1. If ARG137 satisfies every condition in (1) outside any helix (DSSP H, G or I); (2) out of contact with any Leu (no Cβ under 9 Å at 6 or more places or on another chain) but one, which is the exception?
2. Just name the residue that is nearest to ARG98 (Cα to Cα) out of those in region 111-129 that are within 15 Å of the chain's Cα centre (by Cα) and assigned to a helix (DSSP H, G or I).
3. What are the residues in region 74-95 that are under 14 Å from the mean Cα position of the chain (by Cα), crowded, with 19+ Cβ neighbours inside 10 Å and either at pLDDT 95 or above or assigned to a loop (DSSP other than H, G, I, E, B) (or both), if any?
4. I'd like the full set of residues that are more than 12 Å from LEU39 (Cβ to Cβ) and either among the hydrophobic types (A, V, I, L, M, F, W, C) or within 15 Å of the chain's Cα centre (by Cα) (or both), limited to region 49-73.
5. Can you pull out every residue in region 43-72 that is assigned to a loop (DSSP other than H, G, I, E, B) and either touching a Ser or Thr at 6+ places or on another chain (Cβ under 7 Å) or not small (Gly, Ala, Ser) (or both)?
6. Quick check: is even one residue across region 9-19 exposed (fewer than 12 other Cβ atoms within 10 Å of the Cβ), at pLDDT 85 or above and part of a loop (DSSP other than H, G, I, E, B)?
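The values are calculated or read from the model by the stated rules, or taken from the named source; none is laboratory data. If you're wondering where the values come from, they're calculated on a predicted model, not measured in any experiment. Neighbour counts run over all protein chains shown; Cβ positions are idealised from the backbone, glycine included.
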Amino acid sequence: EGHEAVIIERFSAPHALGLVSQVGGRLPLHCSGVGKVLLAHGGPELIDKVLSGGLRRYTPQTVVDPAELRAQLAACRRTGTAVVRGELTEGADSVATRIVNGQGHVVAALSVVLRTGSVTHQAALPSLVAGGLGISRLLGRRPGTRLREA
């Protein structure tokens, strides 16, 4: 919605990070895992709008260089995943994957937030991607459905 992602569900482990995100809350597109997935698949016009509005620095790790962010978004489009290391909240990393509907449009993203250094991002990706594929199938996506730009 606009230049932010809206949180539609949130689950926490017993010893989860004390993040302030809540259902209905919003995340910036340029420095959250979910946001980068949605921005990467939102089309060139949305990317240009977000970049032209200036990129707020939330932590020293926040990517605010437009060229660097464009490169990350291109990688996200190729892999369907985003890894964010302490860009929104210091000490919290986010790994996210796309959710695709039956028409091939990215309509949402699924993410997990990890304490920096607690688990390797590569260890979290297989389960996360499997979850994203499962939700995509529930939305009508079938193997071979081509991705469509926004």
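1. (1)
2. We begin by selecting, within region 111-129, every residue within 15 Å of the chain's Cα centre (by Cα); these are 111-114, 121, 124-125, 128-129.
From the residues that got through so far, the ones that are assigned to a helix (DSSP H, G or I) too are 121, 124-125, 128-129.
Numbers: HIS121: 16, ALA124: 15, LEU125: 12, LEU128: 10, VAL129: 8 Å.
Only one residue fits best here, namely VAL129.
3. CYS76, GLY80, THR81, ALA82, GLU87, LEU88
4. THR62, VAL64, ALA67, ALA71
5. Within region 43-72, LEU55, ARG56, ARG57, TYR58, THR59, PRO60, GLN61, THR62, VAL63, VAL64, ASP65 qualify.
6. Here is the first cut: in region 9-19, the residues exposed (fewer than 12 other Cβ atoms within 10 Å of the Cβ) are 9, 11-15, 18.
Next, only the ones that are at pLDDT 85 or above stay: none.
No, because not a single residue in region 9-19 is exposed (fewer than 12 other Cβ atoms within 10 Å of the Cβ), at pLDDT 85 or above and part of a loop (DSSP other than H, G, I, E, B).
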